[in-house]
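Report on the structure given below.
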Amino acid sequence: MKVYKSNSVEETLEILKSAPKSKIISGGTDLIIELRNHNSDVDYLVDISSIEELKKIEKVNDEYIIGSAVPFSDILNFKFPDNLKGFVNALNQIGSPQIRNRGTIGGNLANASTSADSAPVLLALDAKVGISTGDFEKEVSMTDFYDFIGEGLYHGIITYIKFKEIPLNSYLSFEKLGYRKSLAISKLSISTNITLNENFEIEKIFVASGAIGKYPMREYEVESKIISQPLNENIIQLSIETMKEIISERLKGRSSLNYKLSAIEYVLRSCLEESIQYFKRC
Amino acid sequence: MINLKINVNNTDYEIEIDEEKRLIDLLRDELRLTGVKEGCSEGECGACSVILDGKLVNSCLIMAFQVNDSKVVTIEGLSEGDNINYIQKAFIEAGAVQCGYCTPGMILAAKAILDKNPNPSREEIRMGISGNLCRCTGYEKIVEAIELAGGYLNGTKTYRE
């Protein structure tokens, strides 16, 4: 296997094009395990962790722009407002301090894992993902991201992830269930991004899930059922019942079905109750 | 083979190493720093923890070629000659070492916590060592040791000779 520490996106893309079995490494917290288990057929490893333009995190006007090679701990050192608490919570629950010091937001998306903890919050924030290949540069909405990359991103790299700040009458939350507190791979995760109007009714809603489908995804059916409704206990119940129907259909025949049907009740309720608490404080 | 420049425990090295080797292989096999332990090889146990450019990392999950021009601190880099450092003293004092396999990683996790905040809460300590498994102590004495080390550092506790 050949290895190379790349200095620029252009250089990286040239290598990806010329070496068909090349693979990108940054944090390496998933890939090195894959390589050692011989699950990856790689003959050229290109390290992008030193490319300065991929390591920036900044707020430009009303938008947060995060380079794909920014480790989670560096993102967590950035100051986010209270109503983006779900984003901070999601990133704080990834792996362990050691993993968060190396693992990157780009890597979390690029390997298309259904359990990727940053994905539901990015879906709920309607984030955009910048992708460069040798042939084109494209900005893909998180909603289309997994269809776009399929089983994984080959011959191209994620360059940035960006999302807009949310207004004060909006709140992003995240909850996950794993087998333990640290280093837990999500067994089920939910993120909600709710905007209320002055009558305490849901003006805008994003609901996204992780680990209950092939990829993390938006839950449009729940969104459509509770939009324009007042955010209260009845709506929490309706959301949970709707998600249970979705999970029953999606995971039909799977041994994890009953576990996830119970888990969704806690996870979704936590997100919605935390949102209510925020709106009451406002 | 690739050539690598690296500073480990304040010593500069120029090493030729196999492309497929990880940082842990470089430290243990090439530099004979066997205080770095290999446990799970998957980033779950933290026994291989080292401090890379100021950050606590799992050396089993980093390729050696990635650390060119970097600075690494292992457990061997904490003591000065025959004198162990204040965290190591606190671990002994609190009885936080049993079989010892997790101890080097645990002490480096403690260093990462105390470098940031010399007076961490118990919750911050528990969060800070959450990537390090110990199957002997039940963690309580390790948390006590890190509190004690914090006391040594901020002057509220003194060593028992």
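The values are calculated or read from the model by the stated rules, or taken from the named source; none is laboratory data. Values in this document were obtained by computation on a predicted structure and should not be read as measured data. Please note: Cβ atoms are built from the backbone with ideal geometry, for glycine as well, and neighbour counts cover all protein chains shown. Note: accessible area is taken over every heavy atom of the protein model, side chains too, but ligands, DNA and RNA are not part of it. Shrake-Rupley method; radii C 1.70, N 1.55, O 1.52, S 1.80 Å.
Evaluating residue A:266 against the criteria (1) under 20 Å from residue A:121 (Cα atoms); (2) in contact with a helix residue (DSSP H, G or I) (Cβ under 7 Å, 6 or more places away or on another chain) leaves one unmet condition, (2).
Quick grid of which residues meet (1) more than 11 Å from every other protein chain (Cβ to nearest Cβ); (2) not in a loop (DSSP other than H, G, I, E, B):
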residue	(1), (2)
A:17	yes, yes
A:23	yes, yes
A:27	no, no
A:32	no, yes
A:38	yes, no
A:64	yes, yes
A:69	yes, no
A:73	no, yes
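Just the residues that are under 23 Å from residue B:115 (Cβ atoms) and facing chain A (nearest Cβ under 7 Å), please, taken from the stretch B:22-78. The answer is B:43, B:46, B:49, B:55, B:56, B:57, B:58, B:61, B:62, B:66. Just to be sure I understand, how many residues within the stretch A:245-268 are open to solvent by 50 Å² or more (accessible area, probe 1.4 Å), in contact (Cβ under 8 Å) with a residue 12 or more places away in the chain and either of a type in the set (Lys, Arg) or not in a helix (DSSP H, G or I) (or both)? Final tally of qualifying residues: 1. Considering A:203, A:198, the condition of being exposed (fewer than 14 other Cβ atoms within 10 Å of the Cβ) and outside any helix (DSSP H, G or I) is satisfied by A:198 alone.
Here residue B:48 does not qualify as open to solvent by 40 Å² or more (accessible area, probe 1.4 Å), hydrophobic (A, V, I, L, M, F, W, C) and more than 27 Å from residue A:7 (Cβ to Cβ). The set of residues from the stretch A:269-282 being over 21 Å from residue A:211 (Cα atoms), in contact (Cβ under 8 Å) with a residue 24 or more places away in the chain and not charged (D, E, K, R) comprises A:275, A:276, A:278, A:279, A:282.
The residue that is modelled with the lowest pLDDT, counting only those in the stretch B:23-45 that are open to solvent by less than 10 Å² (accessible area, probe 1.4 Å) and of a type outside the set (Val, Ile, Thr), is B:43.
Of the residues screened, residue B:115 is not one that is surrounded by fewer than 18 Cβ atoms within 10 Å (Cβ to Cβ), closer than 29 Å to residue A:33 by Cα, within 14 Å of chain A (Cβ to nearest Cβ) and acidic (Asp, Glu). Just to verify a result, which residue in the stretch A:49-62, among those that are more than 10 Å from every other protein chain (Cβ to nearest Cβ) and open to solvent by less than 30 Å² (accessible area, probe 1.4 Å), is nearest to residue B:67 (Cα to Cα)? Per the criteria, the residue is A:51.
Just one of the listed residues (A:119, A:110, A:124) is modelled with pLDDT under 95, away from chain B (no Cβ under 14 Å) and open to solvent by less than 40 Å² (accessible area, probe 1.4 Å), namely A:110. Screening residue B:58 on (1) open to solvent by 10 Å² or more (accessible area, probe 1.4 Å); (2) closer than 27 Å to residue B:5 by Cα; (3) of a type outside the set (A, V, I, L, M, F, W, C) shows it passes everything except condition (1). Of the residues making up the stretch B:114-161, those that are farther than 23 Å from residue B:44 by Cα and of a type in the set (A, V, I, L, M, F, W, C) number 3.
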